[in-house]
Amino acid sequence: MRIFNNGISRRALMQNAAGAIVLRARPGWAQSAGTWPDHPVHLIVPYPPGGSTDVLYRLLADNLKEKLGQPFIIENRPGASGNVGIDAVAKSPADGYTIGGATIGHFSINQFLFAHMPYNAERDLVAPSLTYEMPNVAVVVP
């Protein structure tokens, strides 16, 4: 079993991943929870392919496909510090079949960086729990 730097095993990360991503789900979600998913699910990553967020969500999608029996289609929608991708999630149908990987920037920081946000995080998004933690490091050249 592989242990990540913060002491979380990959197995534990993947086991908790199913309910730990930002879902664009509203009241209709509860009625269909017993049969979800019955068709492919779109996972929107608001960053370009190849970055750490993209890799983590691709691992998540593979694991969810095995556990739930439906494909999870990765869509990379980079741009505007992730606002392009998260806006696509916010404007998707509220049926639980569009999932987005959001960061703290999408929920709180970007509203102070951009004069006009295409979505309202409090109104348009639901964040059920945490998928992963990624430490940030500041590097200074001496």
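Derivation of every value follows stated rules applied to the coordinates shown; laboratory data play no part. Keep in mind that what you see is a predicted model, and the values were worked out from it rather than measured. Note that each Cβ is placed from the backbone with ideal geometry, even for glycine, and that neighbours are counted across all protein chains shown.
Every listed requirement among (1) in a loop (DSSP other than H, G, I, E, B); (2) surrounded by 14 or more Cβ atoms within 10 Å (Cβ to Cβ); (3) in contact with a Ser or Thr (Cβ under 8 Å, 6 or more places away or on another chain) is met by MET134 save one, (2). Could you tell me whether SER108 is part of a helix (DSSP H, G or I) and among the small types (Gly, Ala, Ser)? Taking the combined requirement at face value, the residue satisfies it.
Looking only at residues in segment 119-131 that are assigned to a loop (DSSP other than H, G, I, E, B), out of contact with any Lys or Arg (no Cβ under 8 Å at 6 or more places or on another chain) and not hydroxyl-bearing (Ser, Thr, Tyr), which one is farthest from GLY82 (Cα to Cα)? Checked segment 119-131; the qualifying residue farthest from GLY82 (Cα to Cα) is PRO128.
Yes/no matrix, rows are residues, columns are (1) over 19 Å from HIS39 (Cβ atoms); (2) touching a Cys at 6+ places or on another chain (Cβ under 8 Å); (3) touching a residue at least 24 places away in the same chain (Cβ under 8 Å); (4) surrounded by fewer than 20 Cβ atoms within 10 Å (Cβ to Cβ):
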residue: LEU64; (1), (2), (3), (4): no, no, yes, no
residue: GLU75; (1), (2), (3), (4): no, no, yes, yes
residue: VAL84; (1), (2), (3), (4): yes, no, yes, yes
residue: ASP87; (1), (2), (3), (4): yes, no, yes, no
residue: ALA94; (1), (2), (3), (4): no, no, yes, yes
residue: ILE99; (1), (2), (3), (4): no, no, yes, no
residue: ALA102; (1), (2), (3), (4): yes, no, yes, no
residue: SER108; (1), (2), (3), (4): yes, no, no, yes
